[in-house]
1. Going by average Cβ neighbours within 10 Å, how do the peptides 400-411, 253-264 rank, with the highest at the top?
2. How much length is gained if the chain between Tyr399 and Ser282 is pulled fully straight, taking 0.36 nm per residue apart and subtracting their Cα-Cα distance, in nm to one decimal?
3. List every residue whose amide H lies under 5 Å from the amide H of Ala121, counting only residues 5 or more places away in sequence or on a different chain, with H placed 1.01 Å from N in the peptide plane.
4. Going by a ≥ b ≥ c, the root eigenvalues of the Cα gyration tensor, does the range 237-280 fall in the rounded group (a/c under 1.5), the prolate group (a/b larger than b/c) or the oblate group?
5. Which peptide among 192-201, 290-299, 228-237 comes first, and what is the full order, when sorted by highest mean count of other Cβ atoms within 10 Å?
6. What nm value, rounded to one decimal, do you get for the distance between Arg144 and Thr369 when each label is placed 7 Å out toward the C-beta?
7. Which of rounded, prolate, oblate describes the range 315-367, given a ≥ b ≥ c as roots of the alpha-carbon gyration tensor eigenvalues and a/c under 1.5 marking rounded, otherwise prolate only if a/b is larger than b/c?
8. From Cα pairs below 8 angstrom and at least 6 apart in sequence, can you work out the relative contact order of the range 164-225, rounded to a whole percent?
Amino acid sequence: MSLCRYLPTPSDRMAVMWTLLTVKDAVVLEYGPAGTTHYCVSLFGAMGISPDQTLFTTHMSEDDVIMGDVQRLERAIVELDQSYHPKVIFVIASAVTSVIGTDLVGVCSYMQDQVDARLIAMENGGFRGDYTIGLRQAYTMLARELSGAEAGPLPGRYNVLGASASSYRIRSDLWEIEDLMSRSFGLVQHTALGVDSSLAELASMGGARVNLVLRAEALPAARYLQEQFGTPYFYGVPYGYNGTRGWLAGVGALLSRPVAQEVLDQLQERESQAATFRMYASMYQNKPHRPAAAIVGDYDMIQGMAAMCRDLDFETDLLLCPHTLKDIESPDPNVRHFTTEKEQLDALRSLEYHLVLADDVSLHVCGKTNTGVCVSFPLVSHVQIANHLPLMGIRGTDYLLETVDRYYQVLE
């Protein structure tokens, strides 16, 4: 890991934890020192996750580490089962237990007969890669291990795959998607894999009419559900008016159903109003600073917001992704991933008179000539409380255009 002045990119272990903590009727037990678990709590709070009575740690002594003694883990599993009666206990590794090679799968296997809860081990200790690796593995595990027990047909329902607590305002975005799917096709959300799903919902998710995939890390889970239950999936994210129209058209084609005219009319009205911003862009083409945007965030968010900016005739000359792109199928060559924080900071400090869609740290680093709005994590200067302020869909674009208007007011 390179030297970081601000916050390092979360590891695979962190993503596994924040994903599993959103599963209701289950608890997460980390086998490791209490300090490594405590470090995560403030981050989870910023994501809107409460670890109260859902996240536990065994603690470890030096003897446990040196001798490889797992009795403390065995006692913790039994205590959790008897005290909280969870239906599932996710047993996950820490950095320490990964280094010493503790066999969590083996421990869970022989302890299963001693408890009522189902034991599922995840051996991500933070050394396999960044958070996208953990998301991919957690989504796939949840689909493989927990779907199918009650997979009867669910007519009129859809699942969202790839919703992550690490996506800024994800609950607001899910609210917007619910509205779009309800008004466009009369469909209702069954569950959102990765955000506030229950074990019962996961058990029956195979019967949904369609799966909506919001990020690439959920594609393996979507393909598994398609193979097992025949559930089709649509991969894409609705950013911008035109992007939302295209997203709805893609979902409709998969369902063999037209998009409701009411929604299409609303999009047409909004697109007509947004023509003013394209007119502004044309007016500024021959001025000292042409409209330009910089976007920092997860890959799929970058792709969606960059397309929205291009619809407004903005040049998108800096697209920065904090995670690796090696598992992205056919990645956009314009999206950059720096291996060191210094490279990213230098790129951000070089910006002048840009519209910056990024996280709190990136917005702080940028010069004062830029106009920005927070669209991604990490958060430093504020918290997210509201669940009705999306970045996706119609209402999300309405909100983002307010910042675009403010940008034009200060652009020279």
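1. Packing proxy ranking, top to bottom: 400-411, 253-264.
2. Stretched out fully, the Tyr399 to Ser282 stretch lengthens by 39.9 nm.
3. It is Val91, by chain and number.
4. oblate
5. Packing proxy ranking, top to bottom: 290-299, 192-201, 228-237.
6. 5.2
7. prolate
8. Values: 24 pairs, mean separation 14.0, N = 62.
It rounds to 23 percent for the range 164-225.
The values are calculated or read from the model by the stated rules, or taken from the named source; none is laboratory data. These numbers were taken from a predicted model, which means no experiment stands behind them. With ideal geometry, Cβ positions are generated from the backbone for all residues, glycine too; neighbour counts draw on all protein chains shown. Remember, those area values only see protein heavy atoms, side chains included, never the ligands or the DNA or RNA. Shrake-Rupley method; radii C 1.70, N 1.55, O 1.52, S 1.80 Å.
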